[in-house]
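The structure appears right after this line, and notes come after that.
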Amino acid sequence: MTTSHLPPAHAGRTAAAVCLAAMIALAVAMGVGRFAFTPLFPLMVRDGLLDSQAGAWLAASNYLGYLIGALSAARVTLRPALLMSAGLAATVVITAAVGWTTAPHIWIVLRFLAGMASAWTLVATGTWGLGWLAAIGRPGLAGVLFSGVGLGIAGAGLYCLLPAGPAPSSPGMWVGLAGVAGLAALLPLAIGWRLPVYMAGPGPAGSTPRAPAAPRPTAGLVACYTLFGFGYILPATYLPALARQLVDDPQVFGLAWPLFGSAAALSTLLVAWRLGRVNRLALWSVSSFVMALGVLLPVVWSTLQGVVLAALLVGGTFMVMTMVAMQEARARAEAQATRVLGRMTAGFAAGQLAGPLVNALIARFAPNAAAALHLALGMSAAGLLASSYYLWREFKAGSAATA
């Protein structure tokens with residue numbers, strides 16, 4: 001669709017359509033394709049299909065797929081809307097395929113492919129959605145777009161929580177979740193087909209075209225985003241398991257994941273409401289500090305209340321950091337948005353892949369698994385604090401330069 005200087009009514013309808021499509025796309029790709037394994041894993045263990053070691057292999061396979069998907073997203077020649085559609089279709093098929101087999105070696109391949117598909121969809125949806133919102137003058141609606149990740153996480157968690165009794169089986173739940181995801185994906189597929197890409201036409205008579213902004217460095221942002229991936233992945237992976245250690249009722253420990261997702265969704269909406277008045281680097285810095293506190297909480301306060309508060313602190317900053325990081329990176333390299341967002345996502349994927357590996361390495365020398373996890377959480381928090389310090393210095397330097 002080629003459009004130029006849309007009238008307010010048309011721009012409003014377009015913004016609503018883009019936000020709804022991108023929100024649902026991220027809910028499916030991330031909430032289902034990327035994160036559904038977290039709440040389903042305890043149920044697969046319950047059914048005798050997996051143990052902790054096999055679960056770790058499946059998680060690592062998904063992280064590796066996410067890394068490969070992020071690295072390859074910038075090299076895929078498809079338009080962002082088409083890549084988003086392909087990623088969604090792949091997510092639905094792969095999710096269903098997990099429920100069609102009980103062979104762990106096949107699951108490893110499927111979770112790798114699910115990671116690739118979710119990374120493609122995240123990069124493509126971010127490029128497509130943020131591009132449209134910037135083009136029609138509605139960048140403040142980015143929070144609605146990114147709330148889809150939290151909504152998907154919460155929805156998948158509740159889906160797994162409601163039938164937490166003896167039936168249905170976890171393979172059946174995978175297939176059912178794929179069916180729900182497939183129905184949900186129809187809307188972003190349709191809107192992406194209707195609004196493939198924004199192509200700015202000539203401005204009003206007598207106006208001067210805006211010169212493209214000179215690209216600014218993004219290496220520091222990529223490094224901080226990598227530390228973010230390393231910092232969040234351990235609590236995001238182990239919060240439901242930590243809750244299960246404290247209370248064995250699935251109706252109770254299963255709430256950790258929906259709480260995480262709900263906090264992620266609400267925080268992006270609340271922050272986006274005020275985002276125009278807050279510096280992105282400052283917000284990212286403060287969010288990193290708050291997440292570090294949430295990562296440390298299970299170490300110093302090993303109670304159900306501590307785990308719940310950790311879920312709120314980590315979940316409440318998880319998507320805020322994702323949103324502002326994507327916006328800041330895109331603002332620094334508009335002409336190469338897909339490439340830069342791909343690098344950011346690849347850094348994040350590398351960080352989250354390193355998290356479980358570092359935990360496994362520490363476990364070889366620690367007296368027990370809990371001590372290893374606590375030390376790894378401490379390292380994660382240290383990385384987040386270092387990122388917070390760097391981003392705050394960047395914010396202060398930018399403020400001084402514009403004073």
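None of the figures in this text is laboratory data; all of them are computed from the coordinates on show. On a predicted model such as this, the values are computed, not experimentally measured, just so you know. Here Cβ is always computed from backbone atoms with ideal geometry, including for glycine, and neighbour counts include all displayed protein chains.
Amide H to amide H, with H built 1.01 Å from N, Ala36 comes under 5 Å of no residue 5 or more places away or on another chain.
Note on Leu162 and Trp100: with the Förster distance fixed at 30 Å, the Cβ-Cβ geometry gives a FRET efficiency of about 0.85. Net length available on complete extension from Arg339 to Val278 is 19.3 nm, with 0.36 nm assigned per residue and the Cα-Cα distance removed.
Would you list Val271, Val295 from fewest to most Cβ contacts within 10 Å? Present the calculation step by step, with values, prior to reporting the outcome.
Details: Val271 21, Val295 27.
Going from sparsest to densest Cβ surroundings: Val271, Val295.
Rounded to the nearest whole Hz, the Karplus-based 3J(HN,Hα) values (6.51 cos²θ - 1.76 cosθ + 1.60, θ = phi - 60°) of region 49-57 follow the sequence 8, 9, 10, 4, 5, 5, x, 5, 5, with x at glycine and proline.
Derived scalar couplings between HN and Hα for region 121-137 equal 5, 4, 5, 5, 5, x, 5, 5, x, 5, x, 5, 5, 5, 5, 9, x Hz in order, rounded to whole Hz, by the Karplus curve 6.51 cos²θ - 1.76 cosθ + 1.60 (θ = phi - 60°), x for Gly and Pro.
Each label was represented as a point 7 Å from its Cα along the Cα-to-Cβ direction; for Trp193 and Ala397 these points are 4.8 nm apart.
With θ taken as phi - 60° and the Karplus curve 6.51 cos²θ - 1.76 cosθ + 1.60 applied, the whole-hertz 3J(HN,Hα) list for region 310-323 is 4, 4, 5, 5, 6, x, x, 10, 4, 7, 4, 5, 4, 5 Hz, x standing for glycine and proline. Across region 99-141, the residues whose backbone nitrogen lies under 16 Å from the label position 7 Å along the beta-carbon direction of Val175 are 99-103.
Tell me, what is the FRET efficiency for Ala370 and Ser72 to the nearest 0.05, using R0 = 60 angstrom and their Cβ-Cβ distance as r?
On the way: r = 37 Å, r/R0 = 0.62.
My answer for the efficiency is 0.95.
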